[in-house]
Amino acid sequence: MTYDSDRLAGSEGGARQTDFRTILGRYPTGVALVTAPAGGPGADPLGMVVGTFTSVSLDPPLVGFLPARTSTTWPGIRAAGRFCVNVLGAGQRDVCEAFATRSPHRWEVSHCGSPSGCPVLPDAVAWIDCAVHAQTEAGDHWFVTGLVRAMGAGGQGPPMVFLGGRYGSYAPRPPHWDQALGPV
């Protein structure tokens, strides 16, 4: 099945969106929890699950993610001016589901503060503490970039991966596969 951009932008939006998701669902993404401090006294910290986290630039050090324009969490994170990306591990599906479904118990998960005061999950594979750098329109999403201020490694094990509508994990190649690459 192939499509060109004119056909994807056609009037059959529902079918085209389904095809778009099916085809792009063959590409794995990592799963991350983006957090920010509470928006006010007595409020819970902010947190949203994303599958669109990526590195953007080494100089300056920038990362990015794409919240939906309809997100009710992103405006609070933007107002905080800072966020922390927690790269979820393969064993953190319960954390992912608690935040994706807005469970009232989601902040019962163990967390501490990043240097900027954002929640860090100590069991996350890695965390990246950022200042909001830019926000750009990207169709039905925003493309948000963050200037990296601090980062660290957390729990051991493989990261959580989302592929074909399912959660899974990354399995590294056996060592002999990497020998052909030479020094890194």
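The values are calculated or read from the model by the stated rules, or taken from the named source; none is laboratory data. On a predicted model such as this, the values are computed, not experimentally measured, just so you know. Note that each Cβ is placed from the backbone with ideal geometry, even for glycine, and that neighbours are counted across all protein chains shown. Surface accessibility is based on the protein's heavy atoms, side chains included, excluding ligands, DNA and RNA. Shrake-Rupley method; radii C 1.70, N 1.55, O 1.52, S 1.80 Å.
Table for the structure above
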item	result
Disulfide-incompatible cysteines by the Cβ rule (no partner under 4.7 Å) in the chain	96, 112, 130
Stretch gain in nm, segment residue 153-residue 136, where the contour uses 0.36 nm per residue and the Cα spacing is subtracted	3.2 nm
For residue 114, distant residues with modelled amide H under 5 Å away	120
Percent of alpha-carbon pairs separated by more than 27 Å within the stretch 34-161	10
Rounded to 5, the percent of DSSP beta bridges in the chain classed as antiparallel	100
Size of electric dipole in the stretch 27-184: Cβ of Lys, Arg +1 and of Asp, Glu -1, about Cα centre, debye, nearest 20	120
FRET efficiency, 1/(1 + (r/R0)^6) with R0 41 Å, evaluated for residue 169 and residue 44 via beta carbons	0.90
Relative contact order %, the chain, counting alpha carbon pairs below 8 Å whose residues are six or more apart	23
Neighbourhood charge, 14 Å Cβ-Cβ cut-off, centred on residue 167 and excluding it, Lys, Arg +1 and Asp, Glu -1	0
Label-zone membership for the stretch 61-105, site residue 20, 7 angstrom Cα→C-beta point, backbone N under 14 Å	68-70
Probe 1.4 Å, accessible area per residue of the chain, Å²	61
Gap separating the Cα centres of the stretch 27-74 and the stretch 112-144, nearest whole Å	4
Carbon and sulfur %, accessible surface of the stretch 46-90 computed with the full protein complex present, 1.4 Å	58
The chain - mean residue ellipticity at 222 nm from DSSP helices (-39,500 (n - 2.57) per run, n ≥ 4, rounded to 500)	-5000 deg cm²/dmol
Total formal charge among the other residues, if their Cβ is under 14 angstrom from that of residue 95, Lys/Arg +1 and Asp/Glu -1	-1
